[in-house]
Structures are given as structure tokens and as C-alpha cells.
Amino acid sequence: MSFSMSAPPSSMNVARTTSKPRIGADAILGTFGTNVVIQACTVFQGVLLARLLGPVGRGEFAAVILWPSLFAAIGLFGLGTALARHAGTASDEDALTRAGLVLGFGLAVFISISCYLMMPLLLKGHDVNLVRMSKWFVPFIFFNHMTLVFVSIDQGGGNFKQFNWTRLILNPIYLALVLAIWLAGRLRVAWFVMGLLVANAIVVAVRFGKFLRGARLVGPVYPLEPVARDAVRYGLADLIRPLYQQADKALLLYLLGVQDLGLYTVALSASGVAGSFASAASSVTFGIAARDRESATFERIAQLFRCSGCAWLAVGGSLALVMPVMLPLIFGKDFTPAIWPAICLIPASVFAGQAAILEQSMRAQGRAFVGLEAQAVGLVIMVVAACVASRFWGTMGIVLACNLSQMVCLIMFCIRARAHFGKGTISCLVPRWDDLKTIWTAFATLFHKYRLSALKAIQ
């Protein structure tokens, strides 16, 4: 595969210029809606996996995909963030996509080989079947990198419609494969692992097909050097992030074993619903901040932060009330011990989502290393607290460590955001009554818009 180099996009005569859509309430609510659907699909497929595999099998599944997922996150080495930043100003996204594919392919090959060779060491002491299945799952790294090239450019360029449907299609595809495996009676962990691998491969194929319908694979390439330079900066800053995000599961696997990991994974899945709006808002804030480098951006970011806080207070409180009834009813009685971990993980999920809103807004403005110290401190707290608390309270000790770590990380991000934007005070991030009106107005406006569209379509 060969690629031709050219001057920056502004000087390309054959480049297909890309207009930048406005990022407003539609993008936020559309992304939120997508996150809700993704969460629903994730919960449903999680229910099927839990009921079909049981706590031990569910834990083995989580253990198999743990290290390839972690290597995929580390191995992208800031490329996704760099592409998203350049997409915010690039006039030719096709050329930028080609550059991303070149860099992403190289990183994926190197990281995949490294992960494969290190797997026996990383899973030393565990069943040989876990090691073998983890090796089978290594190609996920390649598929993950290729998909993230596309969605990062969508996010930075403000194309949230394409960004959302790309993220969305993985879950229905995998859900369909899980149902097919169930109906075929192949109820072994290996089949569900391979199903997840195939689902990721299909997503990559779909995005490549869509790209090739509007552009050529071989053509002008956005300059690699500025993208690679940005990627290195963000990659160095991101070395801790994947470890921080996966530390709870890795610690639980090594401290307590696969059965407790299965219970914890179910609890994490059930509690994750509360952070859906925060996750949507963090995706949108990157696009907003990437375009507007003024300090006034803080006002928009702060409002999103507060509205997200109001949303999770309502959703998280409701979720905690229904969890004792709904979790065993949905996942099965074998997962009854996961009820209290799930309830107690709701705050941790929300803390992580709220911190992501502030982090993404600052990273979009070139602050690659922003929050590095927060995640480093959070990781240390997680490891120390988990090692101590798990001896006394088992899985609940890991949950306690996760909450403590995420809370400290969020506080540090609030302080850094105030210092970065240099406007307002920390009180600007505290939810207000006016934020409820803002949320209501946004939903009402969007509902009215789609109602008119539906009536027009009928007529």
C-alpha cells in the first residue's frame, strides 16, 4: 500500500474541502441518545453473557479481553487526540484520514506483536485457556486503531452524526452475534470472545467502505509530521490514562480472581448508565474547545458540566433505588452479590464522566499533559486503597478504592480547569436551578424540531 505526500491541505488543488458543522444542542443530545442506546445494548448483551456464562465464565471473558484492550488504549499513543485536534481546522478530512490510517496501521502492528509476545507473562499463573484466548483476541488492537482513526476525525470535525452511528453499530452487531451463538448452543467463552472480534472487524469494514465511496484510498496525505508530533505529546500524557481506567479490573483479577471479576464487571455495567450524559458531554466539549481558543469557552464548558451534574443526580438516584430489584431480576440470582457494588459504583461512574468533560475541553486546546498528575495520584490511591481494603471487604474494597480515586481526580481537574481558562471560579461548576431550565429548553426544542420533521415527512 503506497501513499503520496503533498503540501498542507490549504494548497491542494484536488482536495475535497470539508465544511465544519456548528456544534450545538443537537450534537449534545444526539450523542447522549447514542450513549443511552449503546448503554442499553451493552447492558442487554451483558445480561446474556452473565446468564449464559455465570459469574466464573463472565469473569473469564473479562480477563481475556482485559490486556488486549489495555494495549490498544496505550498503543494508539495519542493519535486519536492529535487527529481530532487537526480535524477541527483541516480543510481536507480525506487527506487527514489517510494520514491517520498510515500512522494507525504502523502503531497497530507493533503493539499487536508486543501484546501477543507478552501475554504468557501478563497472565502467568492463570489457566492456559485464558492465555490462548487472549492471544486470539489480539487482532482487536488493529481493528480498534482503525476505527478510532475515523471516529476521532469525526469528533474533531464536528461530524457527530457519523461519529455517533460508528460508535453505535458495534453493539447491535455484537448483540446479534451473541444471540446467534446462544441459539447455536455454543456456550463457551471462546465463542463470545471471537464474536466480539468479528463485530469489531465488521465496523472497520463498514467505515472503510463508506470512506471509499467518497474518496480514494491512495491520494493526497495530510502532512504526517505535525500529526505525529502532536500524537507523541498526547501519547506520553496518555501512558497513565489506560492504566488508570483499567486498574480496578486488573487489581481485582490478581487480588480476588475471575469469579469476583465477573461480579464486579456486572456491577460496573449496571452502574454505568448514570454517566451516559457526562460521556456525551465530554465528546462534544472537545469539538467546541478545539474551535474556540478564547477564555470565554469556559462559560459553555461550565454550563455543560453543571447540566451533566443535574442529569446524573436524577438518573443516579433513580438507578440506586431500583438496583436491588432490577439487577438480580435482569442478570440472574447468581449475581445478587453484585447489588451493593453496583449501587456504590454509581458515584465513581459519574465522577469519571464529569472529569472527562473538563479534561477533553483542555486537551482540545493543546494541553496534552493536563490532568496527568490527577490521574497519577488517582492511580496510586487506587492501587494502595485496593490492596488494603480488598483484604477486609473483598470486592467492596475495590469499589471503595475506585470511588476515592475518581473523586480525588475530579477535584484536581476542577482546579486545573479554573487555572487553564482563567475565568470564573470553582463555584461556576456547581449546578444551579437555571441549569434545569436549560436542560428542559434544550429537550423541548429538539423534540419540537423532530416533531415538525416527522409531520413534514408524513405530509
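Brief remarks follow.
- Ranked list, fewest to most other Cβ atoms within 10 Å of each Cβ, for K437, K161: K437, K161
- Rg/Rh for the stretch 23-238, where both radii come from Cα atoms and Rh is the Kirkwood radius: 0.99
- Prolate/oblate/rounded call for the stretch 26-71, Cα gyration tensor, a/c under 1.5 rounded: oblate
- Qualifying aspartates and glutamates (Cα of each under 19 Å from Cα of K437; at least 8 residues distant if same chain): D26, E299
- Across the options Y234, F137, A90, the greatest Cα extent toward the positive end of the charge dipole of the stretch 23-238 (unit charges at beta carbon of Lys, Arg, Asp, Glu) belongs to F137.
- Whether the stretch 190-264 is rounded, prolate or oblate, judged on the alpha carbon gyration tensor where a/c under 1.5 counts as rounded: oblate
- Extension gain (nm, one decimal) between M326 and A184, 0.36 nm per residue minus Cα-Cα: 48.3 nm
- Protection proxy ranking, highest mean first, for peptides 374-382, 171-179: 374-382, 171-179, where packing is the per-residue count of other beta-carbon atoms within 10 Å, averaged.
- Among the listed pairs K161/K210; K135/K249; K135/K333, those beyond 21 Å (Cα-Cα): K135/K333
Only the coordinates and a few stated rules stand behind these numbers; no lab work does. Everything quoted here is computed from the prediction, not taken from an experiment. FYI the Cβ positions are ideal-geometry reconstructions off the backbone, even for glycines, and counts take in every protein chain you see.
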